[in-house]
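*Asks:* A single structure is presented below for examination.
The values are calculated or read from the model by the stated rules, or taken from the named source; none is laboratory data. A quick note: this is a predicted structure, and the numbers were derived from the prediction, not measured. Here the Cβ positions follow ideal geometry from the backbone for every residue, glycine too, while neighbour counts run over all protein chains shown.
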Amino acid sequence: MSNEKDQKIVFKLIGLTVLMSVFTFAMVPLYDLFCEITGINGKIVDQALYQESEIDKEREITVEFVTSIKRGMPWEFNTQTKKVVVHPGELNEVMFFARNKSGYAITGQAIPSVTPGKASLYLNKTECFCFDQQTLKAGETIDMPMRFYLDPDIPDDIHTITMYYALFNASPDNDSSVAQK
């Protein structure tokens with residue numbers, strides 16, 4: 001009788017593990033869908049063309065950059081500029097750095113978000129590593145530019161914008177034990 005109880009517990013634990021694994025792989029697409037439907041979190045992914053306009057030299061807005069690496073991603077990922085003071089209408093560039101610390105190739109995808117959320121309507125990226133997945137070989141490093149400008153019509157009550165990038169493992173198999181060497 002104890003064996004039957006033990007087998008039921010083992011099957012429940014295996015089922016729970018499978019369910020958690022499926023949820024983990026579905027998390028990024030579900031997050032994307034949630035942000036698209038609700039408009040929450042100021043998620044932006046579209047590339048903009050820089051349209052030269054009058055730069056508002058009277059106004060300064062602080063833009064902060066924050067990065068994180070999701071669990072199990074063996075990369076170093078950070079911004080080379082923690083914050084920058086910009087003028088609306090002015091084209092700006094900041095650099096990000098990534099290094100694959102593993103012994104195999106890995107593909108990463110950065111998911112951006114903006115705070116406050118309404119600022120995302122006025123933030124225009126002309127170039128960003130977050131538009132595409134980045135594949136780095138073992139030990140490889142890369143400097144990645146991000147170019148942006150703020151629309152001159154940005155509301156006067158926005159003084160600080162925080163751009164957050166979360167880096168996820170986007171390798172097709174997402175399993176380091178079978179990743180390409």
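*Asks:* Step by step: first the residues of region 104-122, then only those that are in a strand (DSSP E or B) and in contact with a Gly (Cβ under 8 Å, 6 or more places away or on another chain), then the one that is farthest from Ala166 (Cα to Cα). Which residue is that?
*Replies:* Step one: filter region 104-122 for residues in a strand (DSSP E or B), giving 106-115.
Okay, now just the ones that are also in contact with a Gly (Cβ under 8 Å, 6 or more places away or on another chain), so 113-115.
Details: Ser113: 8, Val114: 12, Thr115: 14 Å.
Checking each candidate, the answer is Thr115.
Table: residues versus (1) in a helix (DSSP H, G or I); (2) over 30 Å from Met163 (Cβ atoms); (3) outside the structural domain of Gly72 (by TED's automatic domain parsing); (4) modelled with pLDDT of 85 or more.
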| site | (1), (2), (3), (4) |
| --- | --- |
| Gln7 | yes, yes, yes, yes |
| Thr17 | yes, yes, yes, no |
| Phe34 | yes, no, yes, no |
| Gln51 | no, no, no, no |
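*Asks:* Something else: Of all residues in region 65-95, count the ones that are hydrophobic (A, V, I, L, M, F, W, C) and either more than 25 Å from Pro152 (Cα to Cα) or in contact with a His (Cβ under 6 Å, 6 or more places away or on another chain) (or both). Talk me through it step by step, then tell me what you get.
*Replies:* Taking region 65-95 first, the residues hydrophobic (A, V, I, L, M, F, W, C) are 65-66, 69, 73, 75, 77, 84-86, 91, 94-95.
Remaining after also requiring either more than 25 Å from Pro152 (Cα to Cα) or in contact with a His (Cβ under 6 Å, 6 or more places away or on another chain) (or both): 69, 73, 75, 77.
Here the count works out to 4.
*Asks:* Just one of Lys137, Lys118 is in the same structural domain as Pro88 (by TED's automatic domain parsing), among the charged types (D, E, K, R) and in contact with a helix residue (DSSP H, G or I) (Cβ under 8 Å, 6 or more places away or on another chain); which is it? Break it down stepwise before answering.
*Replies:* Details: Lys137 fails: in contact with a helix residue (DSSP H, G or I) (Cβ under 8 Å, 6 or more places away or on another chain).
Only one candidate qualifies: Lys118.
*Asks:* Answer yes or no: is there a residue in region 88-104 that is at pLDDT 85 or above, among the basic types (Lys, Arg), farther than 27 Å from Pro116 by Cα and surrounded by 10 or more Cβ atoms within 10 Å (Cβ to Cβ). Spell out the reasoning first.
*Replies:* Of region 88-104, the ones at pLDDT 85 or above are 88-104.
Cutting the leftovers down to among the basic types (Lys, Arg) gives us 99, 101.
With the extra rule that they be farther than 27 Å from Pro116 by Cα, the set shrinks to 99, 101.
Those still in the list that are surrounded by 10 or more Cβ atoms within 10 Å (Cβ to Cβ) too: 99, 101.
Taking every residue of region 88-104 in turn, at least one turns out to be at pLDDT 85 or above, among the basic types (Lys, Arg), farther than 27 Å from Pro116 by Cα and surrounded by 10 or more Cβ atoms within 10 Å (Cβ to Cβ).
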